[in-house]
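Remarks on the structure that follows.
Every number here is computed from the coordinates shown, using simple stated rules; none is lab data. A quick note: this is a predicted structure, and the numbers were derived from the prediction, not measured. Heads up, the Cβs are rebuilt from the backbone with ideal geometry, glycines too, and the neighbour counts pull from every protein chain shown.
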Amino acid sequence: MKNAVDFLTGNLVLNLSILAWALAQIIKFIVTLVTKGKLDWRHFLSSGGMPSSHSAFVCACAAAMGHMYGWTSPYFTISAVLAIVVMYDAANVRKAAGEQAKILNYIMEHWTEMKPAIFGKELKEFLGHTPFQVLMGGLLGITIGLAGAWLLA
């Protein structure tokens, strides 16, 4: 299976992480198509939505590291800690920033007096994830990481 490792980066763990991220982005595009009935090409590279591609990326890395180097190895420990921080950030900090953007966008839309120049650009509201979206991205990443490491390592 050396060709599978050499295909993208030459690093199996990184390849599996990228694969998990890409699949999450594709699933996000399909979910938007099914739920909203429109093609939104921005979902291929944007953050936010179902499932969390950030969670898929870091969980694939952690799962592959655990499988390949052992669940008690320092490699797995570092990647698991990183995954937890990224997933916490996605579900809490970035989610709160998105909620604040919604409120600010509402204020800007209903501004009746002269708008200062700072209000000229709409803020991005689709920044974070619900805990369910983070969980689904994590499960996708773990599946890709474990299956890929098992098949290709």
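Observations on the model:
- Residue in region 72-93 that is surrounded by 19 or more Cβ atoms within 10 Å (Cβ to Cβ) and over 18 Å from ILE144 (Cβ atoms) present: yes
- Meets criteria (touching a residue at least 24 places away in the same chain (Cβ under 8 Å) and over 21 Å from ALA91 (Cβ atoms)) for ILE30: no
- Unique match (being at positive phi, of a type outside the set (A, V, I, L, M, F, W, C) and surrounded by 13 or more Cβ atoms within 10 Å (Cβ to Cβ)) among GLY48, GLY66, GLY37: GLY48
- Candidates ALA80, ALA20 - the one that is touching a residue at least 40 places away in the same chain (Cβ under 8 Å) and of a type in the set (A, V, I, L, M, F, W, C): ALA20
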